[in-house]
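The values are calculated or read from the model by the stated rules, or taken from the named source; none is laboratory data. It should be emphasised that the depicted structure is a prediction, and the values quoted were computed from it without experimental measurement. Cβ coordinates were reconstructed from backbone atoms using ideal geometry, including for glycine residues, and neighbour counts include every protein chain displayed.
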Amino acid sequence: MFPTTIAGSLPKPSWLATPDTLWAPWKLEGEELAAAKLDATLLALKEQEDAGIDIVGDGEQSRQHFVHGFLELVSGIDFAHKVEMGIRNNRYKAMVPTVTGALALKGRVHAAEARHARAHTTRKLKFTLPGPMTIVDTIADAHYGDRVKLAFAFADLLNEEARALEADGVDVIQFDEPAFNVYMDDVKAWGIEALHRASASLSCTTAVHICYGYGIKANLDWKATLGSEWRQYEEIFPALAQSRIDQVSVECMNAKVPMSLLRLLDGKDVIVGAIDVASDTVETPEDVANIIAEATKYVAPEKIVAGTNCGMAPMRRDIAMAKLMALGKGAALARRWHMTQGTIA
Ligand code: ZN
């Protein structure tokens, strides 16, 4: 009941990359960097286990950014000539690489860290990949000439890597699609179909993470424009409930998302975001247990996984670790409430 997991990223140790930064530059290079990434992966696993996290991940210690960590191993992309592009419907401008030819994988993307993680934990292992729509929203295109064709081309590459990750022993593969909260019509038109291509033939658990972004200023400013109730999920949840994806990871803690919208995910496991990654205030176990209790009003308890709202990459490491502890203790508390009261409402 109420197993715990993380959305994906954790802060990196200061000997690996500059702390408290998104896109943090690496501090090492070559073989030293490759070895240090695996050392950091091992630390991230240990810290999650100690915090009582049940479905652990590599903390994305081997990638600089959740999208570009994948793109680095894709041919057909020109990284040398970056162009400025408005992303997430112009929420922010970023210098992005350009697709200039047919896309193909140069080789395995995440084999080293996935196998290292698998070798060092007996817990269920989750691995994250960027979703096709979010990739397409983070790269310029001078070859395919069509967002859907481009997304499907990326979906096929994601599927190649996802199947290999499953063979490496990964239990849950999660696609990160923050763009789903921005282009709701596209989600229904082709976004879910792209996810189905990305997850085709997988027999492990599949998940999609849909959040309102990291706790960076551009996202906080955007959230301030969304009004007193955030209803983006309302438009896409019914379509996701019909999809072949097993789990949906959503933002709940300190979000203005009406929790009753979770009803629309009927049949799916819901990874309830119980940790706010946009605030340095560490939740108490009671805060976490209360959000889980609220979710049980709309989702069957056995379908609830307790997670974080989003990745923690840009956070201070000590704060992120304290929040992980709160997540583990909060889920344990919610379990106790559930056992002793029969219902925790
Ligand atoms: Zn997120």
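Just to be sure I understand the filter: pairs with C-beta atoms under 8 Å, separated by 6 or more residues or on different chains, first member in region 207-232 and over 30 Å from Glu166 (Cβ atoms), second member within 16 Å of the ligand (Cβ to nearest atom) and part of a helix (DSSP H, G or I). Which pairs pass?
Partner pairs satisfying both residue conditions: Leu226/Gln232; Trp230/Lys223; Gln232/Asn181.
Scanning region 218-236 for residues that are assigned to a helix (DSSP H, G or I) and within 16 Å of the ligand (Cβ to nearest atom), which turns out modelled with the highest pLDDT? Step through it out loud before you land on a result.
Kept after step one, since they are assigned to a helix (DSSP H, G or I), are these residues of region 218-236: 218-224, 232-236.
So of that shortlist, the ones also within 16 Å of the ligand (Cβ to nearest atom) come out as 218-220, 222-223, 232-233, 236.
Working: Ala218: 82, Asn219: 83, Leu220: 83, Trp222: 86, Lys223: 85, Gln232: 87, Tyr233: 91, Ile236: 95.
Among those residues, the one meeting the criterion is Ile236.
Would you confirm whether or not region 317-324 contains a residue that is surrounded by fewer than 24 Cβ atoms within 10 Å (Cβ to Cβ), away from the ligand (no atom under 16 Å from the Cβ) and over 16 Å from Ala51 (Cβ atoms)?
For region 317-324, residues surrounded by fewer than 24 Cβ atoms within 10 Å (Cβ to Cβ), away from the ligand (no atom under 16 Å from the Cβ) and over 16 Å from Ala51 (Cβ atoms): absent.
I want to confirm something. Restricting to region 200-217 and keeping residues that are within 13 Å of the ligand (Cβ to nearest atom) and of a type outside the set (Val, Ile, Thr), which single residue is surrounded by the fewest Cβ atoms within 10 Å (Cβ to Cβ)?
First pass over region 200-217, keeping only residues within 13 Å of the ligand (Cβ to nearest atom): 207-216.
Remaining after also requiring of a type outside the set (Val, Ile, Thr): 207, 209, 211-215.
Values: Ala207: 26, His209: 29, Cys211: 22, Tyr212: 25, Gly213: 23, Tyr214: 22, Gly215: 20.
Here the residue is Gly215.
What number of residues within region 287-301 are surrounded by fewer than 17 Cβ atoms within 10 Å (Cβ to Cβ) and within 21 Å of the chain's Cα centre (by Cα)?
Count: 0.
Under 27 Å from Thr21 (Cα atoms), of a type in the set (Val, Ile, Thr) and either surrounded by fewer than 22 Cβ atoms within 10 Å (Cβ to Cβ) or within 16 Å of the ligand (Cβ to nearest atom) (or both): which single residue out of Thr308, Thr340 fits that description?
On the way: Thr340 fails: under 27 Å from Thr21 (Cα atoms).
When all the criteria are applied, what remains is Thr308.
Kindly provide the set of residues from region 248-286 that are more than 16 Å from the ligand (Cβ to nearest atom), more than 19 Å from Lys297 (Cβ to Cβ), among the acidic types (Asp, Glu) and surrounded by 15 or more Cβ atoms within 10 Å (Cβ to Cβ), ordered by number.
Within region 248-286, just Glu283 meets the criteria.
From Leu22, Leu10, which residue is within 16 Å of the ligand (Cβ to nearest atom), surrounded by 19 or more Cβ atoms within 10 Å (Cβ to Cβ) and assigned to a loop (DSSP other than H, G, I, E, B)?
On the way: Leu22 fails: surrounded by 19 or more Cβ atoms within 10 Å (Cβ to Cβ).
Only one candidate qualifies: Leu10.
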